[in-house]
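Worksheet: one structure, shown below.
The values are calculated or read from the model by the stated rules, or taken from the named source; none is laboratory data. Computed from a prediction, not measured in an experiment: that's the story for all the values here. As a convention, Cβ positions derive from the backbone with ideal geometry for all residues, glycine included, and neighbour counts pool all protein chains shown. Quick note on the areas: whole protein, heavy atoms, side chains included, nothing else; ligands and nucleic acids left out. Shrake-Rupley method; radii C 1.70, N 1.55, O 1.52, S 1.80 Å.
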Amino acid sequence: MVEKIIALWSRVREQRPLVHHITNMVVMNDTANITLALGGLPVMAHAKEEVAEMVGAAGVLILNPGTLTPYWIDSMLIAGKRANELGIPVVLDPVGAGATQLRTESCLRLLNELKITVVRGNSGEVGALAGMGGVVKGVESVVEVDNPADVAGALARQYKLTAVITGKRDFISDGERTICVDNGDPWLKTITGTGCMSTTVVGACAAVERDPVLAATSALVGYGIAAELAGVRASGPGTFKVALFDEVYNLTAEKIRDKARVVVL
Amino acid sequence: MVEKIIALWSRVREQRPLVHHITNMVVMNDTANITLALGGLPVMAHAKEEVAEMVGAAGVLILNPGTLTPYWIDSMLIAGKRANELGIPVVLDPVGAGATQLRTESCLRLLNELKITVVRGNSGEVGALAGMGGVVKGVESVVEVDNPADVAGALARQYKLTAVITGKRDFISDGERTICVDNGDPWLKTITGTGCMSTTVVGACAAVERDPVLAATSALVGYGIAAELAGVRASGPGTFKVALFDEVYNLTAEKIRDKARVVVL
Amino acid sequence: MVEKIIALWSRVREQRPLVHHITNMVVMNDTANITLALGGLPVMAHAKEEVAEMVGAAGVLILNPGTLTPYWIDSMLIAGKRANELGIPVVLDPVGAGATQLRTESCLRLLNELKITVVRGNSGEVGALAGMGGVVKGVESVVEVDNPADVAGALARQYKLTAVITGKRDFISDGERTICVDNGDPWLKTITGTGCMSTTVVGACAAVERDPVLAATSALVGYGIAAELAGVRASGPGTFKVALFDEVYNLTAEKIRDKARVVVL
């Protein structure tokens, strides 16, 4: 598994996939920079007039309704349908699902009207979409679901996708296989957008790998290791964030081989 | 006073209030990160369909029309009215009031149609709202008002709120009491969003403290001390900004006790 | 030439021009901060109701359709027409021209309906506007034009403006004179918004200098030197970006005199 993860990170750097984001205004700069740091090419485009054309050049489409309005959801549907036609993977980050009706319903609409490849959210968000508990306050999971592996599996089976719940442990499930990743760092909770960035990393990996479980696992192992290394250099959230971009950029096969912590459940 | 300030910063960290921002696109990432650094939970949400529901879960609502359009002002009114019904404090940052008619009038509309708890702006912005002088160019106060304490007091009395003018000295007035804070650092002027972030800190403090004068004073003392400590580590605006997030996160009772500079006028 | 460049950077710091941006959501924070770092005053304003009034106070207008919708293009036209009436320079950054029909056509519309002073783009973007080759994927030039000096010259003559192509070498042409700048650093390619920031620097220089070729040359020499100095301090894209703001702020006459690499072709 670890050698596959290493190979996948190399493939992203070689193929430089275009990662088309329709995402929130809070994290656009960070998700663009993390895309560049891991070797992809970012683009943020949300105009209804261009999203279908833009996604046609992309390796993956990321949908993140963190500062949604109905206009943005419509754009996501246009781009998503085109991505589906072209066989381009679509990754959904259901930011704040469970916090308001608009967020929950918009995410469910995306899940129902599009073929989503991977959903990546926190415990409460994925719980809200699966109808299996958790509490979301704003965009934060303040009450965790009881059995994240089960919740991920249930959502995966319901929508025929790969569901990822990130947190202290990360759970990845396609409804049959479930994988746990224990890489990561407590500093990730102290800055905004670290979940959104993990979704971008998952997307970039999905652009170069047909198996979404392997793509998501590879993404979270590499990103988690980078966070651990950044944590060593951090004296607060400001320095942690700066170091995180450096460490994603500087991630090597050796670091992944030394530090990967993956368990197949 | 200093012990009250220390206690208030602890309360923010314990209670972790949700700070609902309807704010500008330039600073969203920074204001979200400063919220996390001081112990709150940020959310940015501006869709008319969800702002009333979102603010219902919040400890405070921040209104910042820095990149306003009429849509965003309408959302602020919807959210603000719901916050007023629920007794949730509302903090206004009148970015660029005085620079264009749209900005001045939109801020006055928010002041007239909502019950605002605190207004926090620079000298020119608050002067423009009070009709008492100052010149704003873009979002910068290029000519200061003559007597900031008087201007803050006048605005406070006119709208029955707490008015805060930040600058080299910060003035906080509810129309009766006026307090001066002398913490802060010249580097704050070299990066964008430091005013907006100070408003967020004021808001987070107002979420856990009924007296808006004490909340604003505590916020500006703590934020100003963090800025002073960040200034020591800075070799330019880039390193200053990174250090500012670290220092807000690492602020302690001891640092506040050592460095607080508050004067009751 | 070098002494003129030094004098021009001093003039920006003395005159502090207001740099009115109608720009994309990804880089707003960075372009605001680079404006402050080089001594200007940034403002981001895009509401149709205020752009004409705001640009009236500005030294330059920057148009950057990186996250365009038709609304934003309309605002750019309103602001641009007012800038033209007032004789305020207008700088266009054609982000992603060539990548989608909406982007190419919107940039051509701005070129045709406004008097643009400077266009600053990458090789593929300027090639697309000139109809002379290059390939843009997302917002990145993935195939360069063959003769950037010729392409810049052609676009300059066609629209009577100064065209700037940045890349490993930067080319500046008004259709008669062509200048090459060899300052810059490979780290610039590893973070988003470094092109947009260079446009902002060009704009700030154009606000205080009537000759757009000298303004653009000065901007790219100074910014490129700052990038070289930041590169020395970088251990990855995160630390590079932080250092870049510091080094633009700390740029001195001595550094420009030591390191400027300009060739008149």
For C:E113, place a label point 7 Å out from Cα along the Cα→Cβ vector, do the same in each other copy, and report the separations in nm, one decimal, smallest first.
2.9, 2.9
In square angstrom and rounded to 100, what buried accessible area do you get between chains A and C, total over both, with the probe at 1.4 Å?
2300
Restricting to lysines 8 or more places apart or on different chains, can you count the pairs in segment C:158-265 with Cα atoms under 23 Å from each other?
9
To one decimal in nm, how far is A:A253 from the same spot in the other copies, if labels go 7 Å from Cα toward Cβ? Please give the shortest first.
5.4, 5.4
Output row for B:D150: copy-to-copy label distances, label 7 Å along Cα→C-beta, ascending, in nanometres, one decimal, is 7.0, 7.0
Counting only protein heavy atoms, probe 1.4 Å: which residues of segment A:191-229 lose 10 Å² or more of accessible surface in the full assembly compared with their chain by itself?
A:I191, A:T192
Per-residue average of Cβ from other chains inside 10 Å of B:34-46:
5
Relative contact order (percent) for segment C:96-208, with alpha-carbon contacts under 8 angstrom and 6 or more residues of separation?
20
So which residues of segment B:239-265 lose at least 40 Å² of accessible area, probe 1.4 Å, when you go from the chain by itself to every protein chain present?
B:V242, B:D246, B:Y249
Can you give the calculated 222 nm mean residue ellipticity of the protein assembly as shown, where each DSSP H run of n ≥ 4 adds -39,500 (n - 2.57) and the sum is split over every residue, rounded to the nearest 500 deg cm²/dmol?
-16000 deg cm²/dmol
Accessible area, probe 1.4 Å, largest first, for residues C:D146, C:D174
C:D146, C:D174
Just report the Cα centroid separation between segment C:89-148 and segment A:153-186, whole Å.
42
Please work out whether chain C counts as rounded, prolate or oblate from its C-alpha gyration tensor, where a ≥ b ≥ c are the square roots of the eigenvalues and a/c under 1.5 means rounded, while otherwise a/b larger than b/c means prolate and anything else oblate?
rounded
Accessible area, probe 1.4 Å, largest first, for residues C:I78, B:I225
C:I78, B:I225
At a 1.4 Å probe, what is the % contribution of carbon and sulfur to the accessible area of the protein assembly as shown?
51
Residue-normalised accessible area of the protein assembly as shown, expressed per residue, 1.4 Å probe, Å²
32
Segment C:80-148, relative contact order [Cα under 8 Å, separation at least 6], %
31
Evaluate peptide C:129-141: per residue, the Cβ atoms of other protein chains within 10 Å of its Cβ; return the mean as an integer.
3
For peptide C:13-26, compute the average count of partner chain beta-carbon atoms within 10 Å of each residue's beta-carbon.
3
Restricting to Cα pairs under 8 Å and 6 or more apart, the percent relative contact order of segment A:161-265 works out to 31
For the peptides B:237-249, C:3-15, what is the packing order when you average, over each peptide's residues, the other Cβ atoms within 10 Å and list the highest mean first?
B:237-249, C:3-15
Does any residue of segment B:152-190 lose at least 20 Å² of accessible area with all protein chains in place compared with its chain alone, and if so which ones (probe 1.4 Å)?
B:W187, B:T190
Can you grab the distance from the C-alpha centre of segment A:1-66 to the C-alpha centre of segment B:220-246, Å, no decimals?
33
